[in-house]
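Notes for the one structure printed next.
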Amino acid sequence: MRGGWRFVVALTGASGIRYGLRAMAALLRLGHEVHAMVSDGALRVAAEEEDVHFEGGARGLRTLLAAEGAAERLFVYDVRDIGARPASGTFVHDGMLVIPCSMNTLAAIAHGLADNLITRSADATLKEGRPLVLVPRETPLSAVHLENMLKLARLGVRIVAAMPAFYPRPKTVDDIVDFVAGRALDAVGVTDHGLFPRWKDLPRQGETEATEC
């Protein structure tokens with residue numbers, strides 16, 4: 001995918017904040033525009049899981065992602081600002097990612113509760129028929145969780161559960177994180193991220209060159 005596309009990315013209070021950070025970094029590296037929002041729960045998870053403290057709250061993302069050299073393409077909003085641009089259906093973008101997605105946020109989206117900028121932006125994305133990808137991270141899943149996911153899937157929302165694959169033979173935690181972040185980007189149409197090897201690119205033991213019959 002060529003650079004210059006626009007994506008909305010939300011980080012919420014589920015375990016796995018690293019998935020969202022990696023996805024945003026990849027989008028910026030590819031030349032895309034990122035409109036980000038971070039819930040209060042996500043700020044706490046970032047501190048407890050990653051020892052990452054966003055100075056100045058969510059706007060500290062600018063400092064964290066400064067290495068991508070894309071300050072002019074990163075826009076960060078206060079989650080309480082329900083009048084921000086992504087809240088409107090007239091704000092044209094190429095898809096929204098909620099990564100990671102807490103079960104609270106997932107339930108709110110499933111039931112149309114637009115009570116903050118994240119859920120309002122997701123509601124606007126749904127009503128405008130734009131791609132919406134949720135990356136839930138919870139286990140085990142209750143019947144309530146599953147019913148909410150089924151409802152959203154039937155509405156066209158892509159549910160990309162944080163389930164890493166092991167056929168790429170990951171060597172590090174970062175390899176596992178990259179796979180999940182990459183699959184989420186695939187689901188929103190960004191397939192040139194290079195975060196994990198594709199099946200066709202994997203070396204296979206005992207593989208021989210195919211010949212015509």
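Every read-out reported here was derived from the displayed coordinates using simple, explicitly stated rules and does not represent laboratory data. Since the model is a prediction, treat every value here as computed from it, not as a measurement. A quick note on method: Cβ atoms are made from the backbone with ideal geometry, for glycine too, and the neighbour counts reach across all protein chains shown.
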Cα-centre dipole for the chain with unit charges at Cβ (Lys and Arg positive, Asp and Glu negative), debye to 20: 400 debye
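What does the extension gain come out to for residue 191 and residue 92, with contour length at 0.36 nm per residue minus their alpha carbon separation?
Numbers: separation 99, 0.36 × 99 = 35.64 nm, distance 2.06 nm.
Stretched out fully, the residue 191 to residue 92 stretch lengthens by 33.6 nm.
Quick one: Cα convex hull volume of segment 82-151, Å³ per residue?
Dividing the Cα hull volume of segment 82-151 by its residues yields 76 Å³.
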Efficiency of FRET between residue 128 and residue 154 - r from beta-carbon atoms, R0 22 angstrom, step 0.05: 0.80
Value of [θ]222 nm, deg cm²/dmol, for the chain, DSSP H segments ≥ 4, -39500 (n - 2.57) each, nearest 500: -10500 deg cm²/dmol
Pair residue 173, residue 143: separation of 7 Å Cα→Cβ label points (nm): 3.6 nm
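Considering the convex hull of the alpha carbon atoms of segment 113-161, report its projected area averaged over all viewing directions, in nm², one decimal. Don't jump to the answer; show the numbers that get you there.
Values: hull surface 14.1 nm².
Dividing the Cα hull surface by four gives the mean projection, 3.5 nm².
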Taking the C-alpha atoms of segment 56-180, convex hull volume expressed per residue in Å³: 144 Å³
Pairwise label distance in nanometres, residue 40 with residue 161, each label 7 Å out on the Cα-Cβ vector: 3.0 nm
Per principal axis, descending, Cα span of the chain in whole Å: 63, 41, 35
Computed E for residue 72/residue 48 - FRET, C-beta separation, R0 30 angstrom, nearest 0.05: 0.45
